[in-house]
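Student: This is the structure, below, for whatever I ask next.
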Protein chains: 2
Amino acid sequence: MRHVIALDVGGTGMKAALVGADGALLHEARRATGRERGAEAVVESILDFADELRAHGQERYGQAACAAGVAVPGIVDAERGVAVYAANLGWRDVPLRELLGRRLGVPVALGHDVRTGGLAEGRIGAGQGADRFLFVPLGTGIAGAIGIGGTIEAGAHGYAGEIGHIVVRPQGPACGCGQRGCLETLASASAVTRAWVTASGDPEADAADCAKAVASGDPRAVRVWQEAVDALADGLVTALTLLDPRRLIIGGGLAEAGETLFTPLRAAVEERVTFQKLPSIVPAALGDTAGCLGAGLLAWDLLATHPTDPDTRPSDTSPAVPHPTDPRPTDSEVSA
Amino acid sequence: MRHVIALDVGGTGMKAALVGADGALLHEARRATGRERGAEAVVESILDFADELRAHGQERYGQAACAAGVAVPGIVDAERGVAVYAANLGWRDVPLRELLGRRLGVPVALGHDVRTGGLAEGRIGAGQGADRFLFVPLGTGIAGAIGIGGTIEAGAHGYAGEIGHIVVRPQGPACGCGQRGCLETLASASAVTRAWVTASGDPEADAADCAKAVASGDPRAVRVWQEAVDALADGLVTALTLLDPRRLIIGGGLAEAGETLFTPLRAAVEERVTFQKLPSIVPAALGDTAGCLGAGLLAWDLLATHPTDPDTRPSDTSPAVPHPTDPRPTDSEVSA
């Protein structure tokens, strides 16, 4: 069976998968990133992990993978195939595409983790059927992927979508990025955890505990939660005023609170919108496999747009997953 | 000589022009919109004005115009060719494309004024060579046009680019849109005029007078001006954090202050940016003819994408103005 290798490298964990031409997850494996071992060791682990998946696919399907896709955090130069910078992995200018290509012997696509996850949500997840969407995962931090006409807009330098760093509280907390009051400092899962640890006095508490306390009507939790929801609504309304998306797709750990988040969030956005068109606000559909599935889609797109041999001509791959017919830069082609 | 008819309908004045295949302004005429006469009278004036241009072109070039393009303010459904709403013209759901097409007997394209102006700045103005730009005219109000890969992003409902209505001062002045502290209430030419009338005590003073007073070192003017520049920088940094444009193109009446605006504005944006890539900040190149030239480009694009007879096949038009090779919605095709 024809398949590609997909990797999603996170600050704490790595996911690897074999993905079919229809975007199906054929096989998945996870392991710790082990960033404490340093950038070089992490890169070595990525290469080994990919190689193991390659071997598994060869054994299971009796044929080699056609290509590989890898999603990484931080700043990514997808066109040059270089992982430019990632604070949480401590790396700079890692030529990941070349390193993986040499190890695996197949074409490799490199993408930004959140935009790659957004690509998957758009094609096979919560964004299906929406010509314009904004994918916003609320996790340790907050990032965004702008979906336009089947592709993810990466911006002129690969920085587009950084909704977590728009300032919503000018006098707010200092952000790691150097600004104050960034959305990320107020509405990420980490921000809610910090606020709930303080309000509850429980040093072990986290955002999920806060959500449970909200559901059970704890007034302190409701206060903490509503402050995060209000900041999030402010940031989302700014984004939809500029972008006019048809759908807002909210993912990440905080979205696992379900209606405890979505009911007040929809109300807060509706309350703020005046002339703007109100997009639907929906939960992400692919959970934490979005990045890995997106990396698989990048690999299939690579085969469709840059066939490397007669067996990988688009006419032969003919994946069920629609490809963007759009020649504008996709996340796998962004110019830096 | 082959030409198209272009119209740009504003709240106070209308511009009409004959535009060549290379985007050249062959002939231009202006007159008052006369909105005080009511929406129906304005629509009649638009039709008459276009008809006069048609006759002029026929006489001057011995051939009829190939098509027409018209840019209007407010909410525009370019796909259906309907001017949905314009507060300053008091109209609702005017089927302008059909009305003009019937009067002129040629294919007609309808576009949103600012996005149409942005299309012109991008193709033949200050955006040339930039794959990503944001065009922000600072006039009576503030709007924006998001340029991506040769087209203007209109959003899911034709509302994209409304940077004038992102909230930069939550406790700020009430805005006509129903929100408080919109960028438009603080950094438009009208906002600066209001602030300078108050600070100078001169009821006749306007934003241009304020700029002159700033240049001559009047501390009251410098204070008023810097407040507008700071608000503008806050709004622009929010937009570039989300969009990562390569170039910020600032136009409208306020930009006529030249370096009195651009020097402090560049400094204020640089001061705010941390991890974001700093775009170049440049003045618009086409002045108040951008909308009219853009309307002409829409008309030429219409001929290139929807040839109506053997004389208007793209192969025959072969305009020197590059067309977007991009199948995504352009401002003349936005789905509502």
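Student: With the requirement that a residue be facing another protein chain (nearest Cβ under 8 Å) and within 12 Å of the chain's Cα centre (by Cα), what does the range B:140-158 give you?
Tutor: Scanning the range B:140-158 gives B:Gly144, B:Ile146.
Okay, residues lined up against (1) within 14 Å of chain B (Cβ to nearest Cβ); (2) open to solvent by 30 Å² or more (accessible area, probe 1.4 Å); (3) of a type outside the set (Asp, Glu):
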position: A:Gly251; (1), (2), (3): no, no, yes
position: A:Ala255; (1), (2), (3): no, no, yes
position: A:Glu259; (1), (2), (3): no, yes, no
position: A:Ala267; (1), (2), (3): no, yes, yes
position: A:Gln276; (1), (2), (3): yes, no, yes
position: A:Ala285; (1), (2), (3): no, yes, yes
position: A:Gly294; (1), (2), (3): no, no, yes
position: A:Leu303; (1), (2), (3): no, no, yes
position: A:His306; (1), (2), (3): no, yes, yes
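Student: Hey, does the range B:140-151 have a residue that's touching a residue at least 24 places away in the same chain (Cβ under 8 Å) and part of a helix (DSSP H, G or I)?
Tutor: no
Student: To continue, here is another question. May I ask you to verify whether A:Thr198 is over 17 Å from the mean Cα position of the chain (by Cα), of a type in the set (Ser, Thr, Tyr) and over 20 Å from A:Gly252 (Cα atoms)?
Tutor: Spelling it out, A:Thr198 is indeed over 17 Å from the mean Cα position of the chain (by Cα), of a type in the set (Ser, Thr, Tyr) and over 20 Å from A:Gly252 (Cα atoms).
Student: Select, from B:Gly161, B:Gly172, the only residue that is within 12 Å of chain A (Cβ to nearest Cβ), in a loop (DSSP other than H, G, I, E, B), closer than 26 Å to B:Pro264 by Cα and within 17 Å of the chain's Cα centre (by Cα).
Tutor: B:Gly161
Student: Tell me, yes or no, whether the range B:152-161 has at least one residue that is among the acidic types (Asp, Glu) and surrounded by fewer than 24 Cβ atoms within 10 Å (Cβ to Cβ).
Tutor: no
Student: Spot the failing condition for B:Ser188; the list is (1) touching a residue at least 40 places away in the same chain (Cβ under 8 Å); (2) in contact with a helix residue (DSSP H, G or I) (Cβ under 6 Å, 6 or more places away or on another chain), and only one is missed.
Tutor: The one condition B:Ser188 does not meet is (2).
Student: Right, something else. Restricting to the range A:113-131, count the residues that are open to solvent by 10 Å² or more (accessible area, probe 1.4 Å), within 14 Å of chain B (Cβ to nearest Cβ) and not aliphatic (A, V, I, L, M).
Tutor: Residues meeting the conditions: 3.
Student: Quick check: anything in the range B:164-185 hydrophobic (A, V, I, L, M, F, W, C) and either within 25 Å of B:Lys15 (Cβ to Cβ) or outside the structural domain of B:Gly253 (by TED's automatic domain parsing) (or both)?
Tutor: There is no residue in the range B:164-185 that is hydrophobic (A, V, I, L, M, F, W, C) and either within 25 Å of B:Lys15 (Cβ to Cβ) or outside the structural domain of B:Gly253 (by TED's automatic domain parsing) (or both).
Student: Do you know which of the residues in the range A:216-243 that are closer than 19 Å to A:Gly181 by Cβ and among the β-branched types (Val, Ile, Thr) is farthest from the other protein chains (Cβ to nearest Cβ)?
Tutor: A:Val224
Student: Given the criteria in the same structural domain as A:Arg266 (by TED's automatic domain parsing), outside any loop (DSSP other than H, G, I, E, B) and open to solvent by 20 Å² or more (accessible area, probe 1.4 Å), does A:Ala208 qualify?
Tutor: It is true that A:Ala208 is in the same structural domain as A:Arg266 (by TED's automatic domain parsing), outside any loop (DSSP other than H, G, I, E, B) and open to solvent by 20 Å² or more (accessible area, probe 1.4 Å).
Student: Considering the range B:3-17 alone, what residues qualify as being crowded, with 16+ Cβ neighbours inside 10 Å and either at pLDDT below 95 or closer than 13 Å to B:Val72 by Cα (or both)?
Tutor: B:Ala6, B:Leu7, B:Asp8, B:Val9, B:Gly10, B:Gly11, B:Met14, B:Lys15, B:Ala16
Student: A:Thr263 fails exactly one of the following numbered conditions: (1) under 22 Å from the mean Cα position of the chain (by Cα); (2) more than 14 Å from chain B (Cβ to nearest Cβ). What is the number of that condition?
Tutor: Condition not satisfied by A:Thr263: (1).
Student: Just to be sure, is B:Gly178 at pLDDT below 95 and either in a helix (DSSP H, G or I) or open to solvent by 30 Å² or more (accessible area, probe 1.4 Å) (or both)?
Tutor: yes
Student: Restricting attention to strands (runs of 3 or more DSSP E) lying wholly within the range A:18-85, give those where 1 or more residues are crowded, with 18+ Cβ neighbours inside 10 Å and among the small types (Gly, Ala, Ser).
Tutor: Those strands (runs of 3 or more DSSP E) span A:68-72.
Student: Going by the conditions given, is A:Thr185 more than 14 Å from chain B (Cβ to nearest Cβ), not hydrophobic (A, V, I, L, M, F, W, C) and not in a loop (DSSP other than H, G, I, E, B)?
Tutor: Criteria not met by A:Thr185.
The values are calculated or read from the model by the stated rules, or taken from the named source; none is laboratory data. Predicted model only: the values in this text are computed from it and were never measured. Heads up, the Cβs are rebuilt from the backbone with ideal geometry, glycines too, and the neighbour counts pull from every protein chain shown. Only protein heavy atoms, including side chains, enter the accessible area calculation; ligands, DNA and RNA are left aside. Shrake-Rupley method; radii C 1.70, N 1.55, O 1.52, S 1.80 Å.
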